[in-house]
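Before any comments, here is the structure.
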Amino acid sequence: MRSLKLLTVILLLLGAAPATATAAAGQAYSVTTLHFSVLVGPGGVESCDIVGDLYLPADAGPGHRVPAILTTNGFGGSKDDQAGLGRYFAGRDYAVLSYSGLGFGGSGCKITLDDPDWDGQAARQLVSFLGGAPGIAYSDAAHTQPVPALDAVERDARDHNGNAEAYDPRVGMIGGSYGGEVQFAAASLDPRIDTLIPLITWNDLSYSLTPNNTDLRAGVTSDTPGVTKLTWPLLFFTDGALLDSATGFQYDPSRVIGCPNFATDVCPDLASAGTLGYPTTDTLALLRHASVSTYTDRVRVPVLLMQGENDTLFNLNEAIATYQALGAQGTPVKMIWQSWGHSGLTPAPGELDLSNPDPQAQYETARVTAWFDHYLAGGPADTSPGFAYFRDWVPYTGNAAPAYGTAPAYPAGKGVPFYLSGSALVPGTGQIVPGSQSFVTPPAGFPTSSSGIDAFSANMPPDANLPGTYAAWTSAPLTAPVDVAGQPTLDVRADAPSAALSSQTGPGGQLVLFAKLYDVAPDGTESLVHNLIAPARIADPTGLVHVALPAIAHQFAAGHAVRVMLASGDLNYRAGLAATPVTVTTGSSDQVLTLPTVE
């Protein structure tokens, strides 16, 4: 308590007085805006100013040290976005430091895509501040008025590598999207961090922005360059390069030089991918260097992954890839599939309210609270399920817990095959009949179908597919509901002789198709499940192609039918550049849609 009063007096003298408030739980706390001087980049030679808010319980001090939480914003946001979490956890006797990431919300330097060398190093120095290191925090952006070292956070005797560190706080991290990946970047460098809760973030950014859902080497990482997304990168560039650089000019004028507000390589790489329709080797290297898929082996602390079912940017496959990679190396990990994501940011009732967290009324808030209480505050062991998924077909009132299906681990169910037969999907090999469907891919990546505009969560234009540009297979009406929770797969042979010849010249000549899964109502109305699409750049169109569709949690109701489609273009992607005829001939049991069903 004495240390808090001393800090308050000093901050008053320096003109950075903390606000005082009382959390809903009744615990008084202060909120103090601070500036942090960090050195980032290879070799740690570039100086940046980071602005953050420190939420500190009123009784925190040398005689009562508390665990800490470090959190930051999603793309285009700021420290203020985490105010609800700051207030909530400060009221539960945690110190919370919410900061604006590099290039955002009053912080200096440029956007570096959560690269460990930049954003990871910045977070590492904020961990040191929480651990009591001096010379990092100031009350002014010019870093002329130093703030005394913090002596209110619980310390650990050793880090997770078994080494004793001078400034080792008991600290966890939480944040969503861009504020999710930075946790991996920080933990890969800093074994003092004790646990992570990343929400709706990526595993491999090359998959997020240029996905290929076939020829997968591991997780979502493909050996074949993927298919460029158009609308999401456009939104990010507009937000980061124009809006954030304009508002950030007053803090750091250098942000508008060269590639505005982005690291130097980002602009040419994005432009190249948009023009070519696929990422170059340099682009892949840039995106993967900023991805946990590259350095998973350096993340060894418990992780609670929370990913959105309604997300066309970072779909559930990304969380699955991270979950399985962490689990394979023995890292404690659990996974939640929530209803909301980048394509619909409003949680279902009783899931989560970041402005007013309530563990009694909100399923996700309770999970987050229990996780931090266990791993940071020495609370009861976390007995929650290893895998939980929101079921939008289950009615409930109040807390969303009844809508969540659970399993000890992922995957949760069993694969049920639907075989391609003519233009039908049939449940048994004995029902397969020969048949074929033919269509033509468009020239220059022309969009032949639409599922709305991904980046704007819009339903316009409505889902539509031009005749003669796709093949589709539809099941008979289902006699009972089929509940799916997992990653569907499609094995198919797509004969495209001209593409086979063109592909010898590189990715630009390769066949590009888009696999889509539909729920067809009794009246024939088809709905693209969660607007999710699986682009596939096929390096060898002469063999069987295995496509990993985006994972879903969805019920195909009784009386509805399942439809899978191969389309030749989509409004949200740069499709293949060469027009080519494609024929899918069925009649063999190796061409199959597999749905991961649960009871």
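The values are calculated or read from the model by the stated rules, or taken from the named source; none is laboratory data. What you see is a predicted model; the values in this text were computed from it and never measured. As a convention, Cβ positions derive from the backbone with ideal geometry for all residues, glycine included, and neighbour counts pool all protein chains shown.
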Exercise. Go through the range 103-147 residue by residue and tally those that are closer than 20 Å to ILE193 by Cα and not small (Gly, Ala, Ser).
Key: 15
Practice problem: Return the only residue of ALA521, ALA558, ALA551 being buried (at least 21 other Cβ atoms within 10 Å of the Cβ) and not aromatic (Phe, Trp, Tyr). | Solution: ALA551
Exercise. Kindly provide the set of residues from the range 564-599 that are at pLDDT 95 or above, crowded, with 23+ Cβ neighbours inside 10 Å and among the charged types (D, E, K, R), ordered by number.
Key: none
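Return the total of residues in the range 440-476 being in a strand (DSSP E or B), of a type outside the set (Ser, Thr, Tyr) and modelled with pLDDT under 95. Spell out the reasoning first.
So in the range 440-476, the residues in a strand (DSSP E or B) come out as 440-441, 449-450, 464-465, 470-475.
With of a type outside the set (Ser, Thr, Tyr) added as a condition, the list becomes 440, 464-465, 471-473.
Now narrow it down to the ones that are modelled with pLDDT under 95: 440, 464-465.
Summing the residues that are in a strand (DSSP E or B), of a type outside the set (Ser, Thr, Tyr) and modelled with pLDDT under 95 in the range 440-476 gives 3.
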Quiz item: Which one is modelled with the lowest pLDDT among residues in the range 482-521 that are part of a loop (DSSP other than H, G, I, E, B) and either closer than 24 Å to GLY277 by Cα or touching a strand residue (DSSP E or B) at 6+ places or on another chain (Cβ under 7 Å) (or both)?
Solution: GLY506
Quiz item: So, in the range 435-447, of the ones that are over 31 Å from the mean Cα position of the chain (by Cα) and either of a type in the set (A, V, I, L, M) or over 21 Å from ARG574 (Cα atoms) (or both), which residue ends up surrounded by the most Cβ atoms within 10 Å (Cβ to Cβ)?
Solution: GLN437
Quiz item: Going through the range 103-137 one residue at a time, which ones are within 21 Å of VAL31 (Cα to Cα) and either among the polar types (S, T, N, Q) or modelled with pLDDT under 95 (or both)?
Solution: PHE104, GLY105, GLY106, SER107, GLN125, SER128
Quiz prompt | VAL38 assigned to a strand (DSSP E or B), over 19 Å from ILE174 (Cβ atoms) and not charged (D, E, K, R) | solution = yes
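Within the range 17-39, identify whether any single residue is β-branched (Val, Ile, Thr), under 24 Å from ARG92 (Cα atoms) and at pLDDT below 95, and answer yes or no. Outline the logic, then answer.
Going through the range 17-39, the residues β-branched (Val, Ile, Thr) turn out to be 20, 22, 31-33, 38.
Remaining after also requiring under 24 Å from ARG92 (Cα atoms): 20, 22, 31-33.
Then drop every residue that is not at pLDDT below 95, which leaves 20, 22.
Looking for residues that are β-branched (Val, Ile, Thr), under 24 Å from ARG92 (Cα atoms) and at pLDDT below 95, one finds at least one in the range 17-39, hence yes.
Scanning for something within 30 Å of TYR363 (Cβ to Cβ) and either among the small types (Gly, Ala, Ser) or more than 25 Å from the chain's Cα centre (by Cα) (or both), does the range 415-434 turn up at least one residue? Give the steps one after another, and end with the answer.
First, the residues of the range 415-434 that are within 30 Å of TYR363 (Cβ to Cβ): 415-416.
Going one step further and asking which of them are either among the small types (Gly, Ala, Ser) or more than 25 Å from the chain's Cα centre (by Cα) (or both), we end up with 415-416.
Yes, some residue in the range 415-434 is within 30 Å of TYR363 (Cβ to Cβ) and either among the small types (Gly, Ala, Ser) or more than 25 Å from the chain's Cα centre (by Cα) (or both).
Of all residues being over 33 Å from the mean Cα position of the chain (by Cα) and in contact (Cβ under 8 Å) with a residue 60 or more places away in the chain in the range 143-156, which is nearest to VAL38 (Cα to Cα)? Just the residue, please. Working first, answer last.
So in the range 143-156, the residues over 33 Å from the mean Cα position of the chain (by Cα) come out as 143-149, 151.
Those left that are additionally in contact (Cβ under 8 Å) with a residue 60 or more places away in the chain: 143, 145, 147-148, 151.
Numbers: HIS143: 11, GLN145: 15, VAL147: 15, PRO148: 16, ASP151: 20 Å.
In this case the residue turns out to be HIS143.
Quick check, is LEU376 assigned by TED's automatic domain parsing to the domain that holds LEU517 and of a type in the set (A, V, I, L, M)? Before you say what the answer is, go through the steps one by one.
On the way: assigned by TED's automatic domain parsing to the domain that holds LEU517: no; of a type in the set (A, V, I, L, M): yes.
No; evaluated as a whole, the condition is false for this residue.
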Quiz item: Is one or more of the residues making up the range 94-109 under 18 Å from the mean Cα position of the chain (by Cα), crowded, with 24+ Cβ neighbours inside 10 Å and assigned to a strand (DSSP E or B)?
Solution: no
Quiz item: Out of all the residues in the range 328-340, is one or more at pLDDT 95 or above, of a type in the set (Gly, Ala, Ser), over 28 Å from ASN73 (Cα atoms) and not in a loop (DSSP other than H, G, I, E, B)?
Solution: yes
Exercise. Quick one: count up the residues across the range 448-497 that are aromatic (Phe, Trp, Tyr) and surrounded by 16 or more Cβ atoms within 10 Å (Cβ to Cβ).
Key: 2
Quiz item: Which is under 21 Å from GLU599 (Cβ atoms), out of contact with any strand residue (DSSP E or B) (no Cβ under 8 Å at 6 or more places or on another chain) and either surrounded by 21 or more Cβ atoms within 10 Å (Cβ to Cβ) or not charged (D, E, K, R) (or both), of PRO395, PRO349, PRO408, PRO417?
Solution: PRO395
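Do we have any residue at all in the range 578-591 that's part of a loop (DSSP other than H, G, I, E, B) and closer than 25 Å to PHE446 by Cβ?
Checked the range 578-591: at least one residue is part of a loop (DSSP other than H, G, I, E, B) and closer than 25 Å to PHE446 by Cβ.
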Self-check item: Residues (of a type in the set (Gly, Ala, Ser) and either surrounded by 16 or more Cβ atoms within 10 Å (Cβ to Cβ) or more than 14 Å from GLN125 (Cα to Cα) (or both)) located in the range 142-174
Solution: ALA142, ALA149, ALA152, ALA157, GLY162, ALA164, GLY172
Exercise. Taking only the range 325-346 into account, find how many residues are aliphatic (A, V, I, L, M), buried (at least 22 other Cβ atoms within 10 Å of the Cβ) and within 21 Å of LEU85 (Cα to Cα).
Key: 2
Quiz item: Assuming SER527 fulfils every condition listed in (1) in a strand (DSSP E or B); (2) surrounded by 17 or more Cβ atoms within 10 Å (Cβ to Cβ); (3) not aliphatic (A, V, I, L, M) apart from one, which condition is it?
Solution: (2)
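Which count do you get for residues in the range 380-391 that are loosely packed, with under 14 Cβ neighbours inside 10 Å and either not in a loop (DSSP other than H, G, I, E, B) or not aliphatic (A, V, I, L, M) (or both)?
Filtering the range 380-391 for residues loosely packed, with under 14 Cβ neighbours inside 10 Å gives 380-381, 383.
Narrowing the set further to residues that are either not in a loop (DSSP other than H, G, I, E, B) or not aliphatic (A, V, I, L, M) (or both) leaves 380, 383.
Selection size over the range 380-391: 2.
Yes/no per residue for (1) small (Gly, Ala, Ser); (2) out of contact with any helix residue (DSSP H, G or I) (no Cβ under 7 Å at 6 or more places or on another chain); (3) within 18 Å of ARG563 (Cβ to Cβ):
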site: THR429; (1), (2), (3): no, yes, no
site: VAL440; (1), (2), (3): no, yes, no
site: GLY445; (1), (2), (3): yes, yes, no
site: THR448; (1), (2), (3): no, yes, yes
site: PRO462; (1), (2), (3): no, yes, yes
site: ALA471; (1), (2), (3): yes, yes, yes
